[in-house]
Ligand SMILES: [Mg+2]
């Protein structure tokens, strides 16, 4: 649908269009050639198995967890929060995080639709990358267990990590593409969408259970261009909105 309207009117139309119809980075009617897709790992390529509230409680204690949760409606940045802690306290925190992540790894499952989506991208010669706040060993395990490889795959060891746009910009420079030729797909508004938007990439939020339909997310600073409830839906979002020719 071509939209030949002023920026002001366009902003209004965009704000009233369903998320899946938003194309805010480009001239109306022009499809962007998609050069790469960057995925989050936990909860996006894998079925959510990490119990984040349990992790936050283990690191922060009940009282501090509830206080921070109330202060950060879009979610707690646990890694950022503990960054400034004294080393001994920080070490304990990392151990607690690692334990919750380890429990998650035992139950690791690939997200339905992941293999099919990757095969489609491969058939179009569209690159696949990965950015996670999890560890490199978790990424290695994912690659090993499911036999699907993402490259580059940047983990927590790459600084700065999401939601900083740094890792996404790094991947774009390695691929020699512009951020606006790339889409970031993830299940976290505060990490994945924020990272993608700040880098200038397209963003797609995977929201399997409609968590982000809640009014508390209505006024967040960084909104996704697209919202899907499954990886299967990503196919049609990409086909409708991007030029996928190799
Ligand atoms: Mg995630």
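Just so it is clear, none of the values below were taken in a lab; they were calculated from the coordinates. Here the structure is a predicted model, which means the values were calculated and not measured. Heads up, the Cβs are rebuilt from the backbone with ideal geometry, glycines too, and the neighbour counts pull from every protein chain shown.
Structure data summary
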{"read-out": "Relative exposure of 204, 172, judged by other C-beta atoms within 10 Å (fewest first)", "value": "172, 204"}
{"read-out": "Computed E for residue 64/residue 110 - FRET, C-beta separation, R0 25 angstrom, nearest 0.05", "value": "0.15"}
{"read-out": "C-alpha long axis of helix 7-16 to longest principal axis of the chain, angle in °", "value": "60"}
{"read-out": "Full-extension gain in nm, residue 216 to residue 243, via 0.36 nm per residue minus C-alpha separation", "value": "6.3 nm"}
{"read-out": "Fewest-first ranking of 68, 45, 154, 34, using other Cβ atoms within 10 Å as the exposure measure", "value": "68, 34, 154, 45"}
{"read-out": "Exposure proxy ranking, count of Cβ atoms within 10 Å, fewest first, for 188, 74, 123, 230", "value": "123, 230, 74, 188"}
{"read-out": "Most mobile of 93, 153, 70 in a GNM of the chain (Cα contacts under 10 Å)", "value": "70"}
{"read-out": "Cα→Cβ-extended label distance, 7 Å offset, between residue 174 and residue 54, nm", "value": "3.2"}
{"read-out": "For the stretch 52-106, alpha-carbon Rg over 2.2 N^0.38 Å", "value": "1.10"}
{"read-out": "Cα Rg, Dmax, the chain, angstrom units", "value": "18.2, 59"}
